[in-house]
Amino acid sequence: MRTPSLPIRRSLTVIVAVTAIVLGFTAIRAASAWTAEAAPLVAAPASAASIESKLADEQARSADLQDRLTAIMSQTDDMAAALQAAQDRIAADAAHAEQLTSDLTSAKAKLKTLEATIKKAAATVRTRTVSTVSTTRTSSGTSSYHDDDGEEHDD
């Protein structure tokens, strides 16, 4: 077997490499054309103007949503402050109610004591007898009256 000379081998290697590259490029072009035919583009791509218009609309919508969110946050802060004030008021009212309960208990005890004293005084008044001494007429025509309650004479 005879080996060709070195310049011939190099030339053949270059020709084979170039042929392989050309065949690869041709295969890629044929595959892309075949794919384009199999899946055609139905909708035309959007224009830059329509994309810019949609972007402006979305930015305006975003700004509106941001304003709404800010308003909601403000309302939430107001409600949180109102809730805290209500809780503070409830705590103060509870303390006041406890004080009123204590005062009521004390007043009831005083009322019971006072009622007992009034009953005792009423019983004493009922049992207290007023003795009246009968009067006799003297010849002078005056009568004498005597009351044993210790008080002076009543006319």
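Summary table
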{"read-out": "Boolean, I8 is part of a helix (DSSP H, G or I) and modelled with pLDDT of 95 or more", "value": "no"}
{"read-out": "Test: residue in region 130-141 that is modelled with pLDDT of 95 or more, open to solvent by less than 70 Å² (accessible area, probe 1.4 Å) and of a type in the set (S, T, N, Q)", "value": "no"}
{"read-out": "Total residues in region 33-55, condition surrounded by fewer than 10 Cβ atoms within 10 Å (Cβ to Cβ) and at pLDDT 95 or above", "value": "0"}
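The values are calculated or read from the model by the stated rules, or taken from the named source; none is laboratory data. Just so you know, these numbers come straight off a predicted model, no measurement behind them. Note that we place each Cβ from the backbone using ideal geometry, even for glycine, and neighbour counts take in every protein chain shown. Calculation scope for accessible area: heavy atoms of the full protein, side chains included, ligands and nucleic acids excluded. Shrake-Rupley method; radii C 1.70, N 1.55, O 1.52, S 1.80 Å.
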